[in-house]
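The values are calculated or read from the model by the stated rules, or taken from the named source; none is laboratory data. Since the model is a prediction, treat every value here as computed from it, not as a measurement. Glycine gets a Cβ as well: all are built from the backbone with ideal geometry, and neighbour counts include every protein chain shown.
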Amino acid sequence: MFSTAEVGRLAGYSVQQVRDLERLGVLPPAPRAANGYRRYDARHVIAVRAYRALAAAIGPVAARTVLPALAAGPLDDAASRIDELHADLALERRRVREALRGLDTVLAEVAEEFDDRDAMTIGELAQALGVRASALRHWESEGLVRTTRSAGGGARSFGALAVTEARITAALRAGGYGIPAIRSILQEVRAHGDPGDAQRILQQRLAELTRRSVALLEAAGLLHDLLTSTPAETRGE
């Protein structure tokens, strides 16, 4: 049997964090000794370690919901949910890589000298990117692409900056990124004034996905230990 402090030390958490995880239902209720202190067993230690790894993979809020459901449900459901978590990470990794491939092309073209006389109309840029003109108008309204207009609020003109932003947006959209995520990336690019920042941001995101995948593998091993040590009737089987 373990005390609260011992469980925390084995899992890398404070005493209060262990108590909070029990209160939130992440850990099974711990019986009390005659002196009133909680007494934890090996399953509690495995559960708190599994939560720590799962939180590193999918975030603490999601982990607080997922772990109790996995521990209480049928083994088949738990296995399916773990497969889905791995698939989610794989899908995001594929999208990042696709966006990076698109950005390689964008950055190669940005390196070429741009003459203001090469500014494009919305129709020309839409054709060049293989998107609808309505998509470019939507990106502009969302603040992703900043265009200029002729005197009197006439036709849009896409200069070097707007073309670069449109190409980055198109690459990220092709990679499966939503408008909020693209806006965040473009804000960082604008803050540093370097289109290559988008590439570095995505490379960092790829490294983060690798870290999360490794954490999920660790969590899966601990969840295996937790589930196989839990009686079938407790899991609803």
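Can you confirm whether region 19-33 contains a residue that is in contact with a Leu (Cβ under 9 Å, 6 or more places away or on another chain), surrounded by fewer than 17 Cβ atoms within 10 Å (Cβ to Cβ) and of a type outside the set (Gly, Ala, Ser)?
For region 19-33, residues in contact with a Leu (Cβ under 9 Å, 6 or more places away or on another chain), surrounded by fewer than 17 Cβ atoms within 10 Å (Cβ to Cβ) and of a type outside the set (Gly, Ala, Ser): absent.
Residue by residue through region 174-187, note down the ones that are part of a helix (DSSP H, G or I) and at pLDDT 80 or above.
Passing the criteria: ILE179, PRO180, ALA181, ILE182, ARG183, SER184, ILE185, LEU186, GLN187.
So for region 63-73 (the condition being hydrophobic (A, V, I, L, M, F, W, C), surrounded by fewer than 18 Cβ atoms within 10 Å (Cβ to Cβ) and at pLDDT below 80), does at least one residue qualify?
Checked against the condition, which is being hydrophobic (A, V, I, L, M, F, W, C), surrounded by fewer than 18 Cβ atoms within 10 Å (Cβ to Cβ) and at pLDDT below 80, region 63-73 yields at least one hit.
Looking at region 15-46, which of the residues that are among the small types (Gly, Ala, Ser) and touching a Phe, Trp or Tyr at 6+ places or on another chain (Cβ under 9 Å) is nearest to THR4 (Cα to Cα)?
If we take residues in region 15-46 being among the small types (Gly, Ala, Ser) and touching a Phe, Trp or Tyr at 6+ places or on another chain (Cβ under 9 Å), then ALA30 is nearest to THR4 (Cα to Cα).
Just need a number here: residues in region 29-49 that are free of Cβ contacts under 8 Å to residues at least 40 places away in the same chain and within 33 Å of the chain's Cα centre (by Cα).
1
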